[in-house]
Amino acid sequence: MALVSADSRIAELLTELHQLIKQTQEERSRSEHNLVNIQKTHERMQTENKISPYYRTKLRGLYTTAKADAEAECNILRKALDKIAEIKSLLEERRIAAKIAGLYNDSEPPRKTMRRGVLMTLLQQSAMTLPLWIGKPGDKPPPLCGAIPASGDYVAKPGDKVAARVKAVDGDEQWILAEVVSYSHATNKYEVDDIDEEGKDLRMTTRSCLRTPPMQMVIPLPSTWPRGMWWLVKSPRKSEVGLQTCHLS
């Protein structure tokens, strides 16, 4: 029943997103006339080689209108980004619910072995499809945005991707890219699935939540917060490298 409800909500959100995209284009088309007037006014000023009180007043009004138009378009785009983030969240919740309900076929063939370069490309592509955070002037990115770490008391939710420190069969510890299954407040430990292990069912429990840093969930707009584009990711070859710094370009 929950899966049907999620499908219905996703369909509604897609319709709303389509309307927001149309509104964005309408707002952009409406503001083009004002931008053309600004350009023509500057051209006339250059021709006359002076800034008269008339042009000064006219430009002030044109730029005020352009600023209001840009803010209106930004507000629509922010709403569209929120819809996209909600859709992605519902899709993830639906996947987890289906997994818990046993709707996935356990007899599926093991995942194929992929070369390191292919895995890194897939990881980068996944990171670049994360929700985009666009803050207003003076705003700072929230936790788990780009390189901003989570708060000390943060508890990852089921389905979250984490860099988990686990004990292997031979007793050695290693970093793995994992998906959270559950968290025990009593033992302060996670149960996670190794999502990058081919052909095996490696469900392990990490030793401590302090050794399970969550992966970033949002990326910042590079032009407003370029420092946030640096973050930590796990190398596909766990035995060779632990965590390394990655930059989205």
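Cβ-Cβ contacts under 8 Å between residues 6 or more apart (or on different chains), taken from a first residue in region 138-149 that is modelled with pLDDT of 80 or more to a second residue that is of a type in the set (Phe, Trp, Tyr) and not in a loop (DSSP other than H, G, I, E, B), are listed as Pro141/Trp133; Pro142/Trp133; Cys145/Trp133. Kindly establish whether Leu91 is in a helix (DSSP H, G or I), touching a strand residue (DSSP E or B) at 6+ places or on another chain (Cβ under 7 Å) and under 21 Å from Ala6 (Cα atoms). Spelling it out, it is not the case that Leu91 is in a helix (DSSP H, G or I), touching a strand residue (DSSP E or B) at 6+ places or on another chain (Cβ under 7 Å) and under 21 Å from Ala6 (Cα atoms).
Against the list (1) surrounded by fewer than 14 Cβ atoms within 10 Å (Cβ to Cβ); (2) at pLDDT below 80, the condition Tyr63 fails is (2). Residues that are of a type in the set (Gly, Ala, Ser) and outside any loop (DSSP other than H, G, I, E, B) were ranked within region 124-168; the one that is nearest to the chain's Cα centre (by Cα) is Ala127.
The values are calculated or read from the model by the stated rules, or taken from the named source; none is laboratory data. All of these numbers come straight from a predicted model, not from anything done at the bench. All Cβ positions, glycine included, derive from the backbone under ideal geometry; neighbour counts span all protein chains shown.
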